[in-house]
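A short write-up of the structure that comes next.
The values are calculated or read from the model by the stated rules, or taken from the named source; none is laboratory data. This one's a predicted model, so the numbers in the text were calculated from it and none came from an experiment. Note: ideal-geometry Cβ built from the backbone for every residue, glycine included; neighbour counts use all protein chains shown.
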Amino acid sequence: MSVDNTHVLNGVKNTIVGTSAGDAVADVVLPCLDEADALAWVLARIPRGWRAVVVDNGSTDGSADIARGLGATVVTEARRGFGAACDAGLRATSAEFVCFCDCDASLDPGLLPGLVRRIADGEADLVLGRRRPRESGAWPLHARAGNAALARMLHRRTGLRLHDLGPMRAVRRADLLRLELNDRRSGYPLEMVVRAADAGWRIQEADVPYLRRVGASKVTGTWRGTWQAVHDMRQVLSAPPLVPSVRSVP
């Protein structure tokens, strides 16, 4: 996917714009490792009135400065790892609702209000974006295979029948903090779902278009990276069930 940022940079200067989200306002956590070429596209699509929290996880391409220049809140997380970045971003949020989204232009943050609305309306406690590829090469075969394997393992562990464990999701901030997620690597997204299931949450999926990311993937760009992530996630699945102590209250 080639992203032409020229029109975005001309239209966005120290202000993040997007679509109105009505009464539901959220903070959007965006883990970031060398995503300079995708940031303008992503930040331009943050819904109006929402806050983008870009977590710089060791970038060397100026991503942090670009994000600041486009109006995002930038958090620095020295510990390398997707879970470490997500946790640091979560701790920096303050809105009632928190969303997570990749920062590589493969997913459109402008779709997040639809996920949040399901929670605000009392339909769900956690909503996951189910990726639907819209471009050739957006979701390589090895990445799909790894995702399918995890979905099967998740079903055996929790009884949930989900199609995707993708990175776009929405949840109430207070509820997520009470889950006390521990993984700081690739297992963080899966741990969120497993612990939510253990706590009796209502978990839904919402279809979202999936585009080819900008730049090389740090995880699913290779068979080795994909299956290393699967290995990490096996550790999450083997952990004892969480004692249900929190239930989201609409």
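Overview of results
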quantity: Verdict on Thr60 being at pLDDT below 95 and either in a loop (DSSP other than H, G, I, E, B) or buried (at least 23 other Cβ atoms within 10 Å of the Cβ) (or both); calculated: no
quantity: Residue pairs meeting the criteria (Cβ under 6 Å; at least 6 apart or on separate chains; first touching a residue at least 24 places away in the same chain (Cβ under 8 Å) and surrounded by 21 or more Cβ atoms within 10 Å (Cβ to Cβ), in the stretch 158-178; second of a type in the set (D, E, K, R) and outside any loop (DSSP other than H, G, I, E, B)); calculated: Asp164/Arg130; Asp164/Arg131; Gly166/Arg131
quantity: Helices (runs of 4 or more DSSP H) lying entirely in the stretch 67-177 (those with 3 or more residues that are under 22 Å from Val214 (Cβ atoms)); calculated: 82-91, 141-158
quantity: Counted residues, the stretch 48-57 - those being under 15 Å from Asp102 (Cα atoms) and in a loop (DSSP other than H, G, I, E, B); calculated: 1
quantity: Those residues of the stretch 19-51 which are on the phi < 0 side of the Ramachandran plot and at pLDDT below 55, in sequence order; calculated: Thr19, Ser20, Ala21
quantity: Hey, Arg144 closer than 22 Å to Leu160 by Cα, modelled with pLDDT under 95 and touching a strand residue (DSSP E or B) at 6+ places or on another chain (Cβ under 6 Å) or not; calculated: no
quantity: Qualifying residue in the stretch 149-170 (condition: in contact with a Leu (Cβ under 8 Å, 6 or more places away or on another chain), acidic (Asp, Glu) and farther than 16 Å from Asp104 by Cβ); calculated: yes
quantity: Residues satisfying the stated conditions in the stretch 84-96, i.e. surrounded by fewer than 24 Cβ atoms within 10 Å (Cβ to Cβ) and either out of contact with any strand residue (DSSP E or B) (no Cβ under 7 Å at 6 or more places or on another chain) or not aliphatic (A, V, I, L, M) (or both); calculated: Ala84, Asp87, Arg91, Thr93, Ser94, Glu96
quantity: Hits in the stretch 68-106 - residues which are among the basic types (Lys, Arg) and modelled with pLDDT under 95; calculated: Arg80
quantity: Single residue of Ile66, Ile119 found to be crowded, with 23+ Cβ neighbours inside 10 Å, β-branched (Val, Ile, Thr) and either in contact with a strand residue (DSSP E or B) (Cβ under 7 Å, 6 or more places away or on another chain) or within 21 Å of Ala196 (Cβ to Cβ) (or both); calculated: Ile119
quantity: Test result for Leu154, crowded, with 21+ Cβ neighbours inside 10 Å, of a type outside the set (D, E, K, R) and modelled with pLDDT under 95; calculated: yes
